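The values are calculated or read from the model by the stated rules, or taken from the named source; none is laboratory data. If you're wondering where the values come from, they're calculated on a predicted model, not measured in any experiment. Neighbour counts run over all protein chains shown; Cβ positions are idealised from the backbone, glycine included. Protein only, heavy atoms only, side chains kept; ligands, DNA and RNA dropped before computing areas. Shrake-Rupley method; radii C 1.70, N 1.55, O 1.52, S 1.80 Å.
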Amino acid sequence: MRRLSWLLYPVLTLGAAWAMVVALDRGYSTFWSVAIIQTAAVILVIALEYALPFRREWLRSHGDMRTDIAHLAITSNIVTGVRWAITVGFVALVGPTGIAIWPTSWPLWAQVVLITVIQSFFGYWVHRAHHRLPILWRLHAVHHSAPRVYWLNQARVHPFESILDGLTLLPLLFLGAPETALLVFTAFSGMHLTLQHANIDLRVGVLNWILSLSEAHRWHHSRERHEADANYGGVLIVWDIVFGTYALPSDRLPPADTGLSGASAYPTGYLGQIASPFRRQLWRIK
Ligand SMILES: [Zn+2]
Ligand SMILES: [Zn+2]
């Protein structure tokens, strides 16, 4: 099973993208298509965490489950609404297809690859800025406060950071990327980000030089800032390689100790984390 684990990534991400193509082809609503595909993805990933765990101790709650479920249930809905409003505002401002230079004649898969390359570029710099600028680190610390790395971590994000991340889609709208290609990218990248954090012993070999997956991302959750300030890629890791922030040590396992350094006072509850960027006394944390 472990030797076949590299197959899980292409099967699950391409499966999610294919399910979205079929759903859109049959005229199902966008909301239900996204909801059903993401629910199916989560059920599969949870089952795989138990079948093939990377760290068995990360299977049990570290007192983080309730907080993470609140991030998933509350933040993701708020953010979806705000992103929708931003998109509608943007379209009203520049028109439905922006400057319309998008290569709409390309096959759908090639358009999704192009979206991935462009979105990953902007996502890389937004993520890197969250590590380098103290004001943004206050938001991003919510994600790095996770005491273990598992599938729900992808939802542990401050809503203001999620909205900033969402802005990385605006250049694509401006270039005129069509909704179908963006939705297929959403299905694919949603599955990717769940797998990126999943506590599954997923070995992807040479794909670690193209994609930002769990083997590299676990280093990003290290309590040591010099290890965490690397591997900023969302879907692709290639921008980390280009800009010199790629780190995947082969001589040791990624850290079991994850979280914020020197952060014993950092809140563990949902509301405390939402308020944390605005509490000045917390920010002696590096
Ligand atoms: Zn980070
Ligand atoms: Zn993460």
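Annotations for the structure displayed:
- Test: residue in segment 104-122 that is buried (at least 21 other Cβ atoms within 10 Å of the Cβ), in contact (Cβ under 8 Å) with a residue 40 or more places away in the chain, more than 16 Å from ligand 1 (Cβ to nearest atom) and of a type in the set (S, T, N, Q): yes
- Subset of segment 52-76 (residues that are free of Cβ contacts under 8 Å to residues at least 40 places away in the same chain and aliphatic (A, V, I, L, M)): Ala73
- When residues of segment 227-239 are limited to those that are closer than 21 Å to Val157 by Cα and part of a helix (DSSP H, G or I), the one nearest to the chain's Cα centre (by Cα): Ala228
- Answer from Thr39, Thr80, Thr87, Thr13 - the residue that is assigned to a helix (DSSP H, G or I), over 25 Å from Gly269 (Cβ atoms), open to solvent by 60 Å² or more (accessible area, probe 1.4 Å) and β-branched (Val, Ile, Thr): Thr39
- Boolean, Ser189 is within 16 Å of ligand 2 (Cβ to nearest atom), within 23 Å of Ile241 (Cα to Cα), among the hydroxyl-bearing types (Ser, Thr, Tyr) and open to solvent by 10 Å² or more (accessible area, probe 1.4 Å): yes
- Pairs meeting the criteria (first residue in segment 236-265 and more than 16 Å from His131 (Cα to Cα), second residue of a type in the set (Asp, Glu) and open to solvent by 50 Å² or more (accessible area, probe 1.4 Å), beta carbons under 9 Å, at least 6 apart or on different chains) are Pro255/Glu224; Ala256/Glu57; Asp257/Glu224.
- Note on segment 125-167: among residues that are surrounded by 18 or more Cβ atoms within 10 Å (Cβ to Cβ) and small (Gly, Ala, Ser), the one that is nearest to Arg56 (Cα to Cα) is Ala146.
- The set of residues from segment 125-152 being within 11 Å of ligand 1 (Cβ to nearest atom) and within 23 Å of Ala16 (Cβ to Cβ) comprises His127, His143.
- Summed over segment 90-103, residues that are surrounded by 12 or more Cβ atoms within 10 Å (Cβ to Cβ) and in a helix (DSSP H, G or I) total 3.
- From Ala47, Ala16, residue being farther than 30 Å from Ala275 by Cβ and touching a Gly at 6+ places or on another chain (Cβ under 9 Å): Ala16
- Selection within segment 42-61 - part of a loop (DSSP other than H, G, I, E, B) and open to solvent by 80 Å² or more (accessible area, probe 1.4 Å): Arg60
- For Thr186: the one exception among (1) at pLDDT below 90; (2) touching a His at 6+ places or on another chain (Cβ under 8 Å); (3) more than 30 Å from Gly63 (Cβ to Cβ): (2)
- As a summary of the residue check, Met191 satisfies the conditions (1) in contact with a helix residue (DSSP H, G or I) (Cβ under 9 Å, 6 or more places away or on another chain); (2) within 13 Å of ligand 1 (Cβ to nearest atom) except for the one numbered (2).
- Pick from segment 242-280, criterion under 24 Å from Tyr124 (Cα atoms) and open to solvent by 80 Å² or more (accessible area, probe 1.4 Å), ranking: farthest from the chain's Cα centre (by Cα): Ser250
- Checked against (1) open to solvent by less than 20 Å² (accessible area, probe 1.4 Å); (2) within 16 Å of ligand 1 (Cβ to nearest atom); (3) over 19 Å from Arg132 (Cβ atoms), Trp219 meets all criteria but (3).
A quick yes/no check of all residues on (1) within 27 Å of Ser276 (Cα to Cα); (2) within 16 Å of ligand 2 (Cβ to nearest atom); (3) not aliphatic (A, V, I, L, M):
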site: Ile101; (1), (2), (3): no, no, no
site: Gly123; (1), (2), (3): yes, yes, yes
site: Phe160; (1), (2), (3): yes, no, yes
site: Asp165; (1), (2), (3): yes, yes, yes
site: Leu173; (1), (2), (3): no, no, no
site: Glu179; (1), (2), (3): no, no, yes
